[in-house]
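Heads up, the thing below is written out as structure tokens.
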Amino acid sequence: MAEPGELTIALEEGFEGQHVVVAVDGDVVLDEPGVRTRLQIGLARSVPVRLPPGDHAIDVRVDGVERLSVRVDTGAVRWVAISRAADGVLDAVTGGGLRGYA
């Protein structure tokens, strides 16, 4: 669960061994090859990031896929869930409440 001032970035469905780079406000918070979704729980990686209140830019790059950019206000958003569709397109969903995994 995210602590106050913490944003959780979760890589969820559709990752099949790609190299993934996630940056927040230009600072890389994840740079990892071979990211793969655990089918039992629908989660590949979860990255907690401490941020000051306000608006922040999240950029996700996956090999062979167009980059995804999302802006979030950490006053309202506690988590960002990134999924990769079968055609490779990245999608983001955000929320302010709890988001759990098995």
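All of the numbers you see were taken from the coordinates with simple rules; none came from a lab. Just so it is clear, the structure is predicted and the values come from calculations on it, not from any experiment. All Cβ positions, glycine included, derive from the backbone under ideal geometry; neighbour counts span all protein chains shown.
Some notes on this structure:
- In nm, spacing of pseudo-spin labels at E6 and I41 (7 Å Cα→C-beta vector): 1.5
- Rounded FRET efficiency, nearest 0.05, which uses the C-beta distance separating R71 from E16 and R0 of 25 Å: 0.35
- Treating each Cα of the chain as one equal point scatterer and applying the Debye formula with no solvent, the log10 of I(q)/I(0) at q = 0.19 Å⁻¹ comes out as -0.89.
- Under 5 Å from the amide H of W79 lie the amide H atoms of T8, G95, each residue being 5 or more positions distant or on a separate chain, with H modelled from the backbone and absent for Pro and chain starts.
- Size of charge dipole - the chain - debye, nearest 20, with Cβ of Lys, Arg +1 and Asp, Glu -1, no other charges: 260
- In a fully extended conformation the segment linking V29 and V89 would gain 19.5 nm over its present Cα-Cα distance, using 0.36 nm per residue.
- In order along region 64-79, the phi-based Karplus estimate (6.51 cos²θ - 1.76 cosθ + 1.60, θ = phi - 60°) of 3J(HN,Hα) comes to x, 10, 4, 4, 10, 10, 9, 10, 10, 9, 5, x, 10, 10, 10, 8 Hz; Gly and Pro are listed as x.
- For L51, residues with placed amide H under 5 Å, excluding near neighbours: E6, L7
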